[in-house]
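Novice: Here you go, one structure.
The values are calculated or read from the model by the stated rules, or taken from the named source; none is laboratory data. Just so it is clear, the model here is predicted, and its values are computed rather than measured. Here the Cβ positions follow ideal geometry from the backbone for every residue, glycine too, while neighbour counts run over all protein chains shown. Ligands, DNA and RNA are excluded from the accessible area calculation, which covers all protein heavy atoms including side chains. Shrake-Rupley method; radii C 1.70, N 1.55, O 1.52, S 1.80 Å.
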Amino acid sequence: MLRFWIDSSKEVEQAVGEVEVGFDFVKEGVISEEELDNLYSVAKDKIEKLELRNMLRGEEDKMDAILKINSGAGGTESQDWASMLMRLYLRWCERHGYKTSIEHLIDGDEAGIKSVTISVEGAFAYGYLKSENGVHRLVRVSPYNAQGKRMTSFASVFVTPLIDDTIEIEIDPARLTWDTFRSGGAGGQNVNKVESGVRARYQYKDPYTGEEEEILVENTETRDQPKNRENALRNLKSILYNKELQHRQEEQRKVEDSKKKIEWGSQIRSYVFDDRRVKDHRTNYQTSNVNGVMDGDIDEFIKAYLMEFGAE
């Protein structure tokens, strides 16, 4: 890690030096202003990338991630929106070379999905994707509305760091129960004839508040029940780790105002198709490139979030 910062700092220093020399060369007529602009763009890009990486200083930022999408109220329209978000994040991961696997998926009643759990493996997957935590709102003329009315739909995105075996998380066996079920697609050959799907129910008690809740984790990733049980247990540990992490961060965080208060369940971004606008309500960053965003081009949203909130 130290080598990365040393090498990156040297690259930035060299790029800035080339801009300074280039400025003198323009005055002497050795290079054109266009060539100087290119040197400036290269230096600016290196500096911004290093600044962005500096925002990922948390111990959990470098970890893999578990991303879960749930459709909101609204039936087919919100379920379709959830599937659109799933495609968005899968395309973003593909763009950045992250390995993804769908651990559990529940199809929608007519179209789309009700929920999906995706594991994302790669350096700083959680650090980048944590910016997506919250409720995403879609406004469009729905293809599922016979009157062609403009409709609003919601879907929730929940991202947790995927911990490894080096981090110890205690799970009380007395509070853990298992169910098994048949898993598969919508029918036909895809239906699993054996109960390979697993469902873990954990009666969690918050050690700080004493509040209790049931944590439900399902896994149908493989046809191997023991492997699915292992994956579900890993995901449960990740959720428990994230709860501890949130407590620590809450103790450290000083809430400045309601605008900067980032909580699960808050509306973070609006996608208004008719107006050609996607806007993040936390940073106020917006773009008219709706098609690009829906194709996984969300780097500027992630960057704006990390630059504003990453240091916290």
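Novice: Arranged from highest to lowest average of other beta-carbon atoms within 10 Å per residue, in what order do the peptides 276-285, 235-244 appear?
Specialist: 235-244, 276-285
Novice: How long is the gain from residue 48 to residue 213 if the chain were fully straight, where each residue apart is worth 0.36 nm and the alpha carbon distance is subtracted?
Specialist: Additional length available on full extension: 55.2 nm.
Novice: Let me ask something else about it. If you roll a 1.4 angstrom probe over the protein chains with everything in place, what fraction of the accessible area of segment 13-138 belongs to carbon and sulfur, to the nearest %?
Specialist: Its accessible area is 49 percent carbon and sulfur atoms.
Novice: Sticking with this structure for a sec: Explain nothing, just the number: dipole magnitude of segment 39-198 about its Cα centre with +1 on each Lys and Arg Cβ and -1 on each Asp and Glu Cβ, in debye rounded to the nearest 20.
Specialist: Roughly 880 debye for segment 39-198.
Novice: Next question. In whole percent, what relative contact order does the chain give with Cα contacts below 8 Å and a gap of six or more residues?
Specialist: 18
Novice: Rounded to the nearest angstrom and ordered from largest down, what semi-axes does the equivalent ellipsoid of segment 89-168 get from its C-alpha gyration tensor (root of 5λ)?
Specialist: 31, 14, 12
Novice: Hey, what did segment 13-167 get for relative contact order, percent, Cα under 8 Å, at least 6 apart?
Specialist: 27
Novice: Further question: What's the ranking of 81-87, 51-57 by average number of surrounding C-beta atoms within 10 Å, highest first?
Specialist: 81-87, 51-57
Novice: Which value, in Å², gives the accessible area per residue of segment 10-155 when a 1.4 Å probe is used on the protein heavy atoms?
Specialist: Solvent-accessible surface per residue comes out at 51 Å².
Novice: From the phi angles alone, apply the Karplus equation (6.51, -1.76, 1.60; θ = phi - 60°) to segment 10-21 and give each ³J(HN,Hα) in whole Hz, x where the residue is Gly or Pro.
Specialist: 5, 5, 5, 4, 5, 5, 5, x, 5, 5, 4, 5
Novice: Return the tail of the calculated pair distribution for the chain, meaning the percent of Cα-Cα pairs more than 23 Å apart.
Specialist: Considering the chain, 65 percent of its Cα-Cα pairs are separated by more than 23 Å.
Novice: I'd like to know which of 86, 173, 148 lies farthest towards the positive end of the charge dipole of the chain, counting +1 on Cβ of Lys and Arg and -1 on Cβ of Asp and Glu.
Specialist: Ranked along the dipole, the leading option is 148.
Novice: Counting only helical runs of four or more DSSP H residues, what would the 222 nm mean residue ellipticity of the chain come to if each run contributes -39,500 (n - 2.57) and the total is spread over all its residues?
Specialist: -12500 deg cm²/dmol
Novice: What order do you get for 293-299, 117-123, 32-38 when each peptide is scored by the mean count of other beta carbon atoms within 10 Å, highest first?
Specialist: Output ranking for 293-299, 117-123, 32-38: 117-123, 293-299, 32-38.
Novice: To continue, here is another question. Could you pull out the pairs from 49/243; 68/99; 130/279; 130/243; 10/46 whose alpha carbons sit more than 22 Å apart here?
Specialist: 49/243
Novice: With every protein chain kept in place and ligands, DNA and RNA left out, what is the accessible area per residue of segment 265-312? Probe 1.4 Å, answer in Å².
Specialist: Ligands and nucleic acids excluded, the result is 42 Å² per residue.
Novice: In terms of the Cα gyration tensor, with a ≥ b ≥ c the square roots of its eigenvalues, is segment 2-138 rounded because a/c is under 1.5, prolate because a/b exceeds b/c, or oblate?
Specialist: It is prolate, given that a/c is not under 1.5 and a/b is the larger ratio.
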